[in-house]
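Any read-out appearing in this document is the output of simple, stated calculations on the displayed coordinates, not a laboratory observation. This one's a predicted model, so the numbers in the text were calculated from it and none came from an experiment. Every residue, glycine as well, gets a Cβ built from its backbone with ideal geometry; the counts of neighbours run over all protein chains shown.
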Amino acid sequence: MSEPAKGISRTDVAHLAGLARIDLSDAELDHLASELPAILENVAIVQRAAGDDVEAMSHPLPVNNVFREDVEVPCLTPEEALAMAPASEQQRFLVPKILGEE
Amino acid sequence: MTATETLVPFDEALTRYDPVMGLEIHIELNTATKMFCGCPTGFGAEPNTQTCPVCLALPGALPVVNAKAVESAIRMGLALNCEIAEWCRFARKNYFYPDMPKNFQTSQYDEPIAYDGYVDVDVDGETYRIEIERAHMEEDTGKSLHVGGSTGRIQGADFSLVDYNRAGIPLIEIVTRTIEVPGDKAPAVARAYVSHVRDLIGGLGVSDVRMDQGSLRADVNLSLKPKGSSALGTRSETKNVNSFRSVERAVRFEVSRHAGILDAGGKVIQETRHFHEDTGTTSSGREKSDADDYRYFPEPDLAPVSPSREWVEELRKTLPEPPAVRRARLQADWGFSDLDMRDTIGAGALDLITATVELGTTPQAAKKWWLGEMARRANETGVDIDALGITPQQVAEIQKLIDDGRINDKLAREVFDGVIAGEGTPEEVVVARKLEVVSDDGALGAAVDRAIEADPDAAQKIRDGKQAAAGALIGAVMKEMRGQADAGRVRELIIEKLS
Ligand SMILES: [Zn+2]
C-alpha cells in the first residue's frame, strides 16, 4: 500500500531482512543493495504504464463476495497435522524460541 | 520499567494530569466454523484437533470467507451505530511469531467493514458518548505454551508448544477514538464501556462474550496530558485485561505509573504492558520496535467484501431493541427506581435480573439476590458478578424454595454457598446440607416448650398480653433449630401456648 521507493539503501535491505528474519552476511547485503533497485526500476516501468485512472489491483478477478456457508467440514487429525512438523510434544507443534521475543 | 518505579496516588495524579484513553476490544464470534475454513470452533477441544490445510497455511490452500462471520460483523457494526463499508478488503498483517503458521494474520487495514460509530454509556447517572473509530474483521491466533529452561524440563531449553485450534476463529476488533472524560470518572467509564459492549454484542447472539474464556478481550491504551496542555503524551497499551474490574484497575494503575514517571522528569515508553490480576499492577511487555512494521497489503487470496445496501438494511431489522430503550422498558416493567436501575447497570446485573425474572422470580426478589447478595460477593471476591458461578436459573430455583416455604432468606445464603462451592443444584444442596426449615408442629412445639421453660420472664410477659416479648422466645427457638425453623409458625405456637 506504500509507494515503492525509488532507491533502496543498504540500510533498507538490512531492515527488510530483519523483518523477514533472514540472516544476511555483509557480502549478501552489498549484493542485494545493488540488485533490488534494479528490480524496483522494472516494476516502476509497469507502474508508469498505468495512468492515474487505473486502480491498483489487489485480486486477479473482478469479483466480490466470495463466501462459504458456515458449515463444518472434516479436519485433519492431530496426527496428520503434526506429521508435517519438524518436532512436536504434548500434541502441539514444538517451535524454537523466537529471537528478540520475551 | 524497573521495580523501583514510583507510583503517584490516583487522586493526586489527577490534580496535575488528565488521562486520555483508547480502548480496543476483541470479540471472538460464535460461528460454527472458522473465518476462512470449515474447521469447528468449539472451546476447550484437545490441542490441534481443529485444523486443516487452510488454517495451518499449507501450500496451495485457498481461504474462503465465512458468510455468517460477515453477517455478524455487519450486525455488530450496526449495533455500534457504525457506517457499513460499501466495499472493503482483507489485508495481510505480516509478522513472525509462531502463533500464526502463515507468518501473517489476515485482518483489515484501512478498509474496515464498519466505521464511525458510537455508544452511550452511563456512569453515576451521567451519560458519556464513546466514539467508535472502526470495527474490523480478522482472525484469532493459535495458543502458545511457553516452556523455559527454568522449568527444568529440558536443561537450558527455551521453546514453545503451539495449538492451532484457535488460529482462524473469526474475531472482530472494535477500536474507540480517544476518550477524554473527567479523570476521576475515567476508570469507571472504561469499565462501563467494556460492559456495555459486552451486553450489546451478547444481545446480538453473535458471540459468547465471555471474558473469562477469552471470547471478549480488552486492551487499555492510556496516556497522560499535563493539565492545561493539549499535547498528547506517550501511551502504554495494556493487553488482555480479562475482567470488567480489571479494566478499571488497569486504568487507575497506569495513571499512577505514568504520573510517577512524568513527575520525575522521565519519559513514558511506548510499549505493551501485561496486567496482573493478583496485584492490580502492570508490567513491561514489549517495546514498540521495527518488528511492528507490519507491511500490510491487500490479501490476494480473498475477494473483496461488498455488502449490498439491501442486505445491510435487512440485517438492521434483526437488531434487538437499543439498550437505552430496553432499559427504560425494563425499569417500567419492574417498577425499579432510577437508583435501583443505576445500581443494576453498575453491578453488570441487567441481563442476570432479566433472565431471572423471565424464569418467574419477581423483580423485587431478583433485585434482592443479585444486587444484595451477589454484588456483595462479587465485590468481596473481586470477580465479575457473572463469573461467581451462580446462574439466573439457580437464583430462580432458590427463590422458589423460599416461596414454597422450604427455606428462608437466611438459609438461602447457605444454599448459595453450596451451589457456588459446586455441591450441586439448589435442591441437592438443601438436601445434602439439611437446610430445610422445620414447620411441623411436633418438632417446633417441643422447642417452643423448652424456650418457655428457659425464659419464664418472657413467657409471663406474653401471658400478660405483651406480645412483643415473643421475639426473645422466637429467637431462642431459631437458635436451637439453627435458623431452620419456620419463624411465622413458631410465633403462632408461642401465642397459642401462652394465651
Ligand atoms: Zn481450518
* Cα gyration tensor category, rounded, prolate or oblate, for chain A with a/c compared to 1.5 -> oblate
* Can you tell me the relative contact order of the range B:1-78? Whole percent, Cα pairs under 8 Å, sequence separation 6 or more. => 25
* Shielding by partners for A:85-91, please: the mean number of other protein chain Cβ atoms within 10 Å of each residue's Cβ. => 4
* By how many degrees, between 0 and 90 and to the nearest 10, does the Cα long axis of helix A:26-49 differ from the longest principal axis of chain A? -> 70
* Asked: Summing Lys, Arg as +1 and Asp, Glu as -1, what charge do residues with Cβ under 11 Å from the Cβ of B:Ile390 carry, B:Ile390 excluded?
  -> -3
* To do: Lys and Arg at +1, Asp and Glu at -1: add these up for the other residues within a Cβ distance under 13 Å of A:Gln91 and post the number.
  => -3
* **trypsin sites (Lys or Arg not before Pro) lying in DSSP loop within the range B:394-485, provided at most 13 other Cβ fall within 10 Å** => B:Lys434, B:Lys466, B:Arg482
* Shielding by partners, peptide B:48-55 (average Cβ within 10 angstrom, other chains) -> 6
* Asked: How far, in degrees from 0 to 90, does helix A:10-19 lean away from the longest principal axis of the Cα atoms of chain A, to the nearest 10?
  -> 20
* **Loop-resident sites, the range B:392-499, for GluC sites (Glu not before Pro), counting at most 16 other Cβ within 10 Å (DSSP)** => B:Glu423, B:Glu436
* **Overall Cα dimensions of the range B:70-132, principal axis frame, Å, largest first** => 48, 29, 19
* Asked: Over 25 Å between Cα atoms, which of B:Lys93/B:Lys225; B:Lys434/B:Lys497; B:Lys368/B:Lys400; B:Lys143/B:Lys185; B:Lys461/B:Lys497 qualify?
  -> B:Lys93/B:Lys225; B:Lys434/B:Lys497; B:Lys143/B:Lys185
* Asked: How large is the helix-only mean residue ellipticity at 222 nm for chain B, computed as the sum of -39500 (n - 2.57) over DSSP H runs with n ≥ 4, divided by its residue count, in deg cm²/dmol to the nearest 500?
  -> -11000 deg cm²/dmol
* Once the other residues with Cβ under 12 Å from the Cβ of B:Asn48 are scored (Lys, Arg +1; Asp, Glu -1), what is the net sum? -> -2
* **Partners for B:Lys68 among lysines (Cα-Cα distance below 17 Å; same-chain residues under 8 apart left out)** => B:Lys34, B:Lys317
* **Three-way shape label, chain B, alpha-carbon gyration tensor, a/c 1.5** => prolate
* To do: With an 8 Å cut-off on Cα pairs and a minimum separation of 6 or more residues, tell me the relative contact order of chain B in percent.
  => 15
* Would you please classify the overall shape of the range B:421-499 from the alpha carbon gyration tensor, given that a ≥ b ≥ c denote the square roots of the eigenvalues, rounded means a/c under 1.5, and beyond that prolate means a/b larger than b/c while oblate covers the rest? => prolate
* In whole Å and largest first, what semi-axes does the C-alpha gyration tensor of the range B:321-432 yield when each eigenvalue is scaled by 5 and square-rooted? -> 25, 16, 11
* Asked: For the range B:389-435 and the range A:36-79, what is the separation of their C-alpha centers, rounded to whole Å?
  -> 60
